[in-house]
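First up is the structure itself, then whatever we jot down about it.
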Amino acid sequence: MAANRMTISWDTADLRSKLAKVPQESMRQLTSETDKYALVAQNHARTNAPWTDRTGNARQGLFAQPFSDNKSFEIVLYHTMPYGIWLERRWGGRYSIIPDTVTRVSRVYTAAMTAKLADILRGV
């Protein structure tokens, strides 16, 4: 389901120069923001999954994992149940939750990270 992946890149020399000066505390703030929105994504997916979950396993098996390496920040949303792919793809994706969650959460996550980064860069 790589089609649901979103990448945002800032590619300016000025930004890279300023980012090189960002203190470690600022990177922790960006990591914390990523952690926060991973939980938002996970909660949205679990709360809004449109299927009937007879056992609760599929819903509780939806996870969002934050990743950061102080160069990039990423949230991966996934199923842990083997049949999760069919919940997403069957019936033309009519009952999928991952694309909807990515669309909704990526907007607010991108805005929050942009605002946080702007605050950090103003302080440099």
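Quick look at the values:
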read-out: Extreme residue, least open to solvent (accessible area, probe 1.4 Å), among residues of the range 52-96 that are assigned to a helix (DSSP H, G or I) and of a type in the set (Phe, Trp, Tyr); value: 91
read-out: Test: residue in the range 97-111 that is β-branched (Val, Ile, Thr), under 19 Å from the mean Cα position of the chain (by Cα) and in a strand (DSSP E or B); value: no
read-out: Residue within the range 35-56 that is within 11 Å of the chain's Cα centre (by Cα) and modelled with pLDDT under 95 present; value: no
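The values are calculated or read from the model by the stated rules, or taken from the named source; none is laboratory data. Everything quoted here is computed from the prediction, not taken from an experiment. Protein only, heavy atoms only, side chains kept; ligands, DNA and RNA dropped before computing areas. Shrake-Rupley method; radii C 1.70, N 1.55, O 1.52, S 1.80 Å.
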